[in-house]
Amino acid sequence: MPQGDILPSPATEPEDLDQKPETEEIQFEDGFTLKTIIGAIFIALFMLPGGMYLGLVAGQGIGDAAEWVTIVLFAEVARRSYAPLKKQEIYILFYIAAGLTAVASAERGLAGGPFSWMIWNAYFVSSPSAAPFVSEIPSWSVPSPNSPAILQRELWHPDWWKPIALLLVTEVCGRLSWMGMGYALFRITSDVEKLPFPYAPVAASGATALSEAGTESWRWGIFSTGTVVGLMFGFLYIGVPVLSGTLLGDSFTIFPIPFADFTTSVESFLPAAIVGLSFSLGNVLIGFVLPFEILGGAALASVLGMVVMNPILYHAGLLPSYRKGSDALVTKLSVDMDFWLSVGIGINIAVAIIGMMLVIKSVREAKRVSAERKFSLAPPKGRGDIPLFIAIGGWLVATAITIIVCRILVPNFPLWILAFFGFIWSPLNSYISARMIGLTGRGIGFPYLKEASIVASGYQRVDIWYAPVPLQDHGWVAQRFREVELTGTKMVSIFKAEAFMLPVVLVSSFLFWGFFWNTNALPNAAFPYAQNFWPIQAQQAAVWQQINLPRSDGAQNYVLAAIKPLYILGGCVAGLFTFGLFTVFKWPLLFFYGFAGGLGLFPANTLPQFFGAWYGRKYLAARYGVDTWSRYAPVLLAGFSCGTGLIGMAAISIALIGKAVAKLPY
């Protein structure tokens with residue numbers, strides 16, 4: 001290994017790192033076996049509670065650690081039992097681990113399954129932000145703040161039975177809906193239209209690479225290096241706050257979570273500028289993996305918007321809600337409501353228009369060659385597909401049940417809006433999004449469509465915000481099934497895995513959140529992320545839930561006043577004009593998408609990510625070679641995530657044991 005290298009050299013020659021030719025026939029096998037069933041139970045019992053705690057402390061899930069640790073452990077046990085795991089079994093373990101430990105809401109640090117939303121609702125209904133309309137929040141979504149279920153923090157109290165019943169129905173219908181519609185979209189966009197899905201091979205190769213964990217392969221060497229770095233950083237970033245909060249009752253942090261805030265320090269010469277720096281090493285390693293152009297566009301947009309433009313807008317009198325002395329979170333909320341919310345809506349509309357234009361262009365090109373290409377809806381032999389009519393039928397049934405439930409809960413809300421969203425708009429938008437993902441790797445979305453529809457309907461009650469309105473985008477699922485296909489896993493394996501995961505995640509989420517919430521008042525000083533972000537998120541949620549309510553003083557609602565048509569139009573025109581410039585001069589479109597998506601982000605996070613992308617491209621790719629580094633980076637990030645996750649899980653285990661013995665005073 002050359003002097004100065006921090007990564008091990010590959011155990012094979014560079015040409016051995018290449019992937020197999022795409023023309024090789026894929027052999028499909030079932031990946032859902034007894035081994036994966038045991039793995040799912042292991043993840044639910046040991047990984048899910050760690051994800052709950054880690055989300056509250058640091059605002060991140062434990063998904064990467066759960067995936068790697070589970071696979072490494074089970075691969076070792078299987079190998080020593082002379083029954084090594086098949087590639088398909090490894091992928092299903094990867095799939096189950098990602099599904100069971102997914103973060104429900106990254107902004108609020110909610111993980112640990114669907115019951116995390118009930119804990120959030122319990123906090124929100126008792127918060128000062130909800131006080132003006134708390135009497136209108138329906139009991140079928142969350143008990144009253146005066147209920148013993150809230151005061152005593154008992155998730156098993158009878159007052160929770162209606163919300164739990166609604167949760168069970170929506171979870172079953174939700175999974176049936178996205179699996180049915182997503183599978184149908186995959187069959188259309190991949191089997192019939194042969195779209196490339198540019199990011200699917202990357203994800204699939206990363207999943208299948210896990211089969212080499214624990215061996216002498218180059219991937220294992222890179223993974224181990226990342227794990228050691230993650231262990232050291234995780235102890236400082238996560239371990240110290242968790243352990244100090246458990247032992248001392250007050251969390252002590254070495255690195256500020258989520259970032260160091262310098263907003264008030266620069267307000268004398270840069271008023272309203274949001275200045276900060278994240279010390280999370282994970283941001284740098286994320287920069288190693290994501291495309292340089294996307295991160296460059298996001299960093300430039302966030303700095304121009306939050307640091308350069310905000311002071312200019314303030315001096316121009318366009319940020320009347322900003323008050324000096326506000327930290328980054330409060331400043332971000334005020335500048336968004338005054339300016340960036342409307343501009344962001346316009347830019348998102350521009351991106352949606354661009355997406356639709358690309359879809360129309362692709363359809364026209366497909367028609368030109370349709371006479372030369374024959375296609376069939378028949379799936380490849382041995383892939384384990386289900387009949388298409390069953391998938392579509394499952395989606396129809398799930399959508400119909402959702403509409404009926406919504407109608408029962410909010411009988412005065414216009415039924416035609418629910419039917420339009422469920423049966424017309426959702427499948428149409430999902431198809432457009434699936435085609436965009438298949439062509440460019442990025443979907444599209446129409447921002448605040450639900451909010452605008454509720455306001456336009458004239459409905460003036462809070463309960464609609466808690467009802468399961470069937471407005472969904474299932475386009476992302478098409479790529480998921482394409483990844484399954486590339487790994488040689490039978491499609492039926494995913495359906496069986498989902499059917500098994502649903503009761504497992506529901507039971508484990510209820511048990512762990514019931515215990516955890518009963519022993520901890522949330523948020524508190526032991527959970528820095530929740531303590532910092534939950535009050536801000538509650539304020540934002542309260543503002544949105546009042547946009548359709550009449551004002552007693554006759555004044556316009558705060559959010560409606562923040563949505564300025566001229567700003568929206570300006571943002572849309574600027575987005576289309578910028579896209580036109582990129583097209584004319586043949587600049588990278590990834591930079592445009594990064595710029596459009598990064599305009600409202602915190603520079604504290606985008607700058608470290610861009611630094612990672614620049615350093616990786618400038619130095620590490622030059623040292624190891626572009627192709628080799630492109631294979632190193634994702635495995636290094638996975639190892640780092642595993643290391644930080646292991647430290648988080650170790651600290652969390654100590655904390656949970658301490659809280660099981662006695663309730664700590666906060």
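The values are calculated or read from the model by the stated rules, or taken from the named source; none is laboratory data. Everything quoted here is computed from the prediction, not taken from an experiment. Counting neighbours? That spans all protein chains shown, and the Cβs are built from the backbone with ideal geometry, glycine included.
For beta carbons closer than 7 Å, sequence separation of 6+ or different chains, a first residue in segment 611-634 that is surrounded by 15 or more Cβ atoms within 10 Å (Cβ to Cβ) and basic (Lys, Arg) and a second that is outside any loop (DSSP other than H, G, I, E, B) and at pLDDT below 85, the qualifying pairs are Arg631/Leu17.
Residues that are touching a helix residue (DSSP H, G or I) at 6+ places or on another chain (Cβ under 7 Å), assigned to a helix (DSSP H, G or I) and either among the aromatic types (Phe, Trp, Tyr) or modelled with pLDDT under 85 (or both) occur at least once in segment 291-307.
The residues of segment 310-322 that are surrounded by 21 or more Cβ atoms within 10 Å (Cβ to Cβ) and either without any contact (Cβ under 8 Å) to a residue 24 or more places away in the chain or assigned to a helix (DSSP H, G or I) (or both), listed by number, are Asn310, Tyr314. The set of residues from segment 397-415 being aliphatic (A, V, I, L, M) and either crowded, with 17+ Cβ neighbours inside 10 Å or not in a helix (DSSP H, G or I) (or both) comprises Ala398, Ile401, Ile403, Val405, Leu409, Val410. State yes or no: is Ile150 at pLDDT 90 or above, farther than 17 Å from Gln539 by Cα and not small (Gly, Ala, Ser)? Judged against the criteria, Ile150 is a match.
What do you reckon, is Ala78 closer than 30 Å to Ile37 by Cβ, over 26 Å from the mean Cα position of the chain (by Cα) and in a helix (DSSP H, G or I)? It would help to see each step written out before you state the result.
Details: closer than 30 Å to Ile37 by Cβ: yes; over 26 Å from the mean Cα position of the chain (by Cα): yes; in a helix (DSSP H, G or I): yes.
Spelling it out, Ala78 is indeed closer than 30 Å to Ile37 by Cβ, over 26 Å from the mean Cα position of the chain (by Cα) and in a helix (DSSP H, G or I).
From the list Ala184, Ala204, which residue is touching a Leu at 6+ places or on another chain (Cβ under 9 Å), at pLDDT below 70 and assigned to a helix (DSSP H, G or I)? Reasoning before the result, please.
Values: Ala184 fails: at pLDDT below 70.
Exactly one residue qualifies, and that residue is Ala204.
Consider segment 118-137 and keep the residues that are within 17 Å of Asn520 (Cβ to Cβ) and in a helix (DSSP H, G or I). The one that is farthest from the chain's Cα centre (by Cα) is Ser126.
If we scan segment 106-113, do we find a residue that is closer than 25 Å to Ser630 by Cα and modelled with pLDDT under 75? Steps first, please.
From segment 106-113, those closer than 25 Å to Ser630 by Cα are none; that's our starting set.
No, every residue in segment 106-113 fails to be closer than 25 Å to Ser630 by Cα and modelled with pLDDT under 75.
Scan segment 471-493 residue by residue and report those that are in a loop (DSSP other than H, G, I, E, B) and over 15 Å from Asp385 (Cα atoms). The answer is Leu471, Gln472, Asp473, His474.
Just to verify a result, which residue in segment 221-268, among those that are in a loop (DSSP other than H, G, I, E, B) and free of Cβ contacts under 8 Å to residues at least 12 places away in the same chain, is farthest from Gly612 (Cα to Cα)? By that ranking, first place goes to Ser268.
Might you let me know whether segment 648-657 holds any residue that is more than 30 Å from Val351 (Cβ to Cβ), at pLDDT below 80, in a loop (DSSP other than H, G, I, E, B) and among the polar types (S, T, N, Q)? Working first, answer last.
Restricting attention to segment 648-657, the residues satisfying the condition of being more than 30 Å from Val351 (Cβ to Cβ) are 648-657.
If we keep only those that are at pLDDT below 80 as well, we get 648-657.
Add one more test, that the residue is in a loop (DSSP other than H, G, I, E, B), and what stays is none.
No, that holds for no residue.
Within segment 572-608, if we keep just the residues that are touching a Leu at 6+ places or on another chain (Cβ under 9 Å) and without any contact (Cβ under 8 Å) to a residue 60 or more places away in the chain, the residue that is surrounded by the most Cβ atoms within 10 Å (Cβ to Cβ) turns out to be Phe582. Look at Leu285 and say whether it is in contact (Cβ under 8 Å) with a residue 12 or more places away in the chain and part of a helix (DSSP H, G or I). For Leu285, the condition - in contact (Cβ under 8 Å) with a residue 12 or more places away in the chain and part of a helix (DSSP H, G or I) - is met.
Select from segment 352-392 the residues that are among the aliphatic types (A, V, I, L, M), assigned to a helix (DSSP H, G or I) and modelled with pLDDT under 70 and list them in ascending order. Can you show your working first?
The initial filter retains those residues of segment 352-392 that are among the aliphatic types (A, V, I, L, M), namely 352-354, 356-360, 363, 366, 369, 371, 377-378, 386, 388, 390-392.
Checking which are assigned to a helix (DSSP H, G or I) leaves us with 352-354, 356-360, 363, 366, 369, 388, 390-392.
Val359, Val363, Ala366, Val369 - these are the residues of segment 352-392 that are among the aliphatic types (A, V, I, L, M), assigned to a helix (DSSP H, G or I) and modelled with pLDDT under 70.
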